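The values are calculated or read from the model by the stated rules, or taken from the named source; none is laboratory data. Owing to the predicted nature of the structure, the values given are computational and were not obtained by experimental measurement. When we count neighbours, we look across all protein chains shown, and the Cβ atoms used for this are built from the backbone with ideal geometry, even at glycine. Side chains are part of the model used for accessible areas, which takes the heavy atoms of the whole protein and leaves out ligands, DNA and RNA. Shrake-Rupley method; radii C 1.70, N 1.55, O 1.52, S 1.80 Å.
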Amino acid sequence: QLQLVESGGGLVQPGGSLRLSCAASGYTLDYYAIGWFRQAPGKEREGVSCISGSEGDTYYTDSVKGRFTISRDNAENTVYLQMNSLKPEDTAVYYCAAVATAGSPPPITMPTLYDYWGQGTQVTVSS
């Protein structure tokens with residue numbers, strides 16, 4: 001079964017950068033759409049970004065557009081989320097998730113459509 005492991009989280013000051021990684025095992029990610037989601041204490045899970053399995057099409061929620069970049073390295077079976085210009089409101093546990101699809105990824109507004117989830121990595125933005 002596909003397994004996902006997130007890494008790269010940590011503590012940064014506002015305006016700083018982090019690069020999150022989502023490493024897969026069990027199957028290659030070529031045929032999976034990957035989404036990044038985040039959840040802060042007391043808040044609902046929020047879709048951040050997603051990327052298609054074969055075409056590499058990307059989508060971002062408005063609050064991170066222009067600051068975050070999602071990318072794939074299928075040879076390493078890894079998806080990345082580069083986060084720049086971080087703000088305190090970006091503080092959350094970040095999760096990657098996967099779903100098998102031949103076309104466009106499910107909307108990140110519908111996290112229940114993603115089947116496989118990692119354990120999460122903590123991102124804290126604070127001065």
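Based on what the data block shows, is Ala75 free of Cβ contacts under 8 Å to residues at least 24 places away in the same chain and either over 14 Å from the mean Cα position of the chain (by Cα) or open to solvent by less than 40 Å² (accessible area, probe 1.4 Å) (or both)? Yes; evaluated as a whole, the condition is true for this residue. Do any residues in region 42-64 that are within 19 Å of Leu20 (Cβ to Cβ) and without any contact (Cβ under 8 Å) to a residue 40 or more places away in the chain have Cβ atoms under 7 Å from those of residues that are of a type in the set (Phe, Trp, Tyr) and open to solvent by less than 10 Å² (accessible area, probe 1.4 Å), where the two are at least six apart or on different chains, and which pairs are they? Every condition considered, the pairs that remain are Tyr60/Phe68.
The set of residues from region 46-57 being at pLDDT below 95 and open to solvent by 30 Å² or more (accessible area, probe 1.4 Å) comprises Ser54, Glu55, Gly56, Asp57.
Counting only residues that are outside any loop (DSSP other than H, G, I, E, B) and touching a strand residue (DSSP E or B) at 6+ places or on another chain (Cβ under 6 Å), how many does region 79-112 have? Before you say what the answer is, go through the steps one by one.
At the first step, the residues of region 79-112 found to be outside any loop (DSSP other than H, G, I, E, B) are 79-83, 88-90, 92-100, 111-112.
Right, trim to touching a strand residue (DSSP E or B) at 6+ places or on another chain (Cβ under 6 Å) and you get 79-83, 88, 90, 92-100, 111.
The number of residues fulfilling the criteria is 17.
Taken together, the residues in region 1-20 that are of a type outside the set (A, V, I, L, M), in a loop (DSSP other than H, G, I, E, B) and open to solvent by less than 40 Å² (accessible area, probe 1.4 Å) amount to 3. Checking the stated criteria, Ala33 turns out not to satisfy the condition of being in a strand (DSSP E or B), of a type in the set (A, V, I, L, M) and open to solvent by 20 Å² or more (accessible area, probe 1.4 Å).
Name the residue that is surrounded by the fewest Cβ atoms within 10 Å (Cβ to Cβ), counting only residues in region 95-127 that are among the hydroxyl-bearing types (Ser, Thr, Tyr) and closer than 17 Å to Gln3 by Cβ.
Let us first name the residues in region 95-127 that are among the hydroxyl-bearing types (Ser, Thr, Tyr), namely 95, 101, 104, 109, 112, 114, 116, 121, 124, 126-127.
Subset that is closer than 17 Å to Gln3 by Cβ: 95, 114, 116, 121.
Working: Tyr95: 23, Tyr114: 22, Tyr116: 18, Thr121: 22.
Per the criteria, the residue is Tyr116.
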